[in-house]
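The values are calculated or read from the model by the stated rules, or taken from the named source; none is laboratory data. Every value quoted in this text rests on a predicted model; they were computed, and no experiment measured them. Cβ sites come from the backbone with ideal geometry, for glycine too, and all protein chains shown count toward neighbours.
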């Protein structure tokens, strides 16, 4: 292959030669056209060696990246966006009106920050180890250096990727992680992610990993998407117990009871590889949530929960790579009352005076304002998400009124009218499952037939 130097030597030799045959041989060697060859000889004779100098040799590119720009970008990342990953830093830098860096690309940002030994929050463990080793090698004396190949240094035991399901809404993964908001506060972030598409469905902050936190994170999932078929979780007591393995309705697990009635099958495992999408999501979130909260000026956990829907939308639109190759959508529209369904449920026994005790307070189970004559009966008490109390028995639900003298008089009137004596009170009903005695309002016939097959 002929280089520029070879072409220049051919043109110089042809300009000095007067032999036409020799010029024809040089033309063939140059590989150019006849007109170009003789034009080059003519211009070389006119201006000499200046003919070989490109006209833009000393001109500066309009968008040339200077060393000062690289230093400034590195300083901005170190001082203002150190808790941010490289791609989010590029977005924030372009949107920041204080600087004129709308032209930067991801590769330019990446090369600058890596050259300054900055590490992204989303960096793989392999990359972090390599950077640490390179830093160690720089500080080690030359006499102690041992040559090693990059391939050997990069060897890692990587888990085989788990294949995705082909139906959106078929499998949903749930988990929680802890995130340090400040030196004094650490919050637990509860979340759900669709396994097929990788879409973040719901997030919620709480001070600890709690059942209530999982319920609050489930609210936007049921409201915006509907119910799903399978929920993959770890073996936390919120989802799993040894008793649940033999009889789910006897497990006394709040979340398991709600999931069973919604037709959701809970699958639990102690292995993190059982739910890899949500585990990988936490690493992605921790690389961008700190900067997002700072941008929205969040100061407490309540404000953080208010901006989480906006953060979920940001993740799905800009950060998470959504999969488009799923075949069908298995989400089913949900029309139940979330205030009742996700409330806390417990079993109480109605006393002889027709009252029940809940959190050291006495209440009457009333049909409107009349106490029910159901002494020694087991009944389910539901503390709704808004704090109100209702009672559920069979297919009906009733209001709960606090104990006072007026209600006590009404209860005595009811007992006297019925002619019930204390010794003739009905005995306590024994059943296989106290949970099975309650059938929520959302299992009534007015709802779709899909709920009927999942009710008790």
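Does at least one position in the range 275-295 carry a residue that is in the same structural domain as residue 192 (by TED's automatic domain parsing), at positive phi and not in a strand (DSSP E or B)? Steps first, please.
Taking the range 275-295 and keeping what is in the same structural domain as residue 192 (by TED's automatic domain parsing), we get 275-295.
With the extra rule that they be at positive phi, the set shrinks to none.
No, there is no match, as no residue in the range 275-295 is in the same structural domain as residue 192 (by TED's automatic domain parsing), at positive phi and not in a strand (DSSP E or B).
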For this session: Report whether or not residue 316 is part of a helix (DSSP H, G or I) and either surrounded by 17 or more Cβ atoms within 10 Å (Cβ to Cβ) or in contact (Cβ under 8 Å) with a residue 40 or more places away in the chain (or both).
Result: yes
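Out of 311, 334, which single residue is surrounded by 14 or more Cβ atoms within 10 Å (Cβ to Cβ), within 19 Å of the chain's Cα centre (by Cα) and not in a strand (DSSP E or B)? Outline the logic, then answer.
Details: 334 fails: within 19 Å of the chain's Cα centre (by Cα).
Sole residue among the options that is surrounded by 14 or more Cβ atoms within 10 Å (Cβ to Cβ), within 19 Å of the chain's Cα centre (by Cα) and not in a strand (DSSP E or B): 311.
Can we say residue 340 is in contact (Cβ under 8 Å) with a residue 12 or more places away in the chain and touching a helix residue (DSSP H, G or I) at 6+ places or on another chain (Cβ under 9 Å)?
On the way: in contact (Cβ under 8 Å) with a residue 12 or more places away in the chain: yes; touching a helix residue (DSSP H, G or I) at 6+ places or on another chain (Cβ under 9 Å): yes.
Yes: the conditions hold for residue 340.
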Exercise. Is it true that some residue in the range 262-283 is buried (at least 17 other Cβ atoms within 10 Å of the Cβ), out of contact with any strand residue (DSSP E or B) (no Cβ under 9 Å at 6 or more places or on another chain) and either over 22 Å from residue 217 (Cα atoms) or touching a residue at least 60 places away in the same chain (Cβ under 8 Å) (or both)?
Worked result: no
For this session: Determine whether residue 213 is more than 24 Å from residue 323 (Cα to Cα), surrounded by 20 or more Cβ atoms within 10 Å (Cβ to Cβ) and at pLDDT 90 or above.
Result: yes
For this session: Could you please let me know if residue 379 is crowded, with 18+ Cβ neighbours inside 10 Å and under 39 Å from the mean Cα position of the chain (by Cα)?
Result: yes
Problem set entry | So residue 83, is it touching a helix residue (DSSP H, G or I) at 6+ places or on another chain (Cβ under 6 Å) and either surrounded by fewer than 16 Cβ atoms within 10 Å (Cβ to Cβ) or within 18 Å of residue 292 (Cβ to Cβ) (or both) | yes
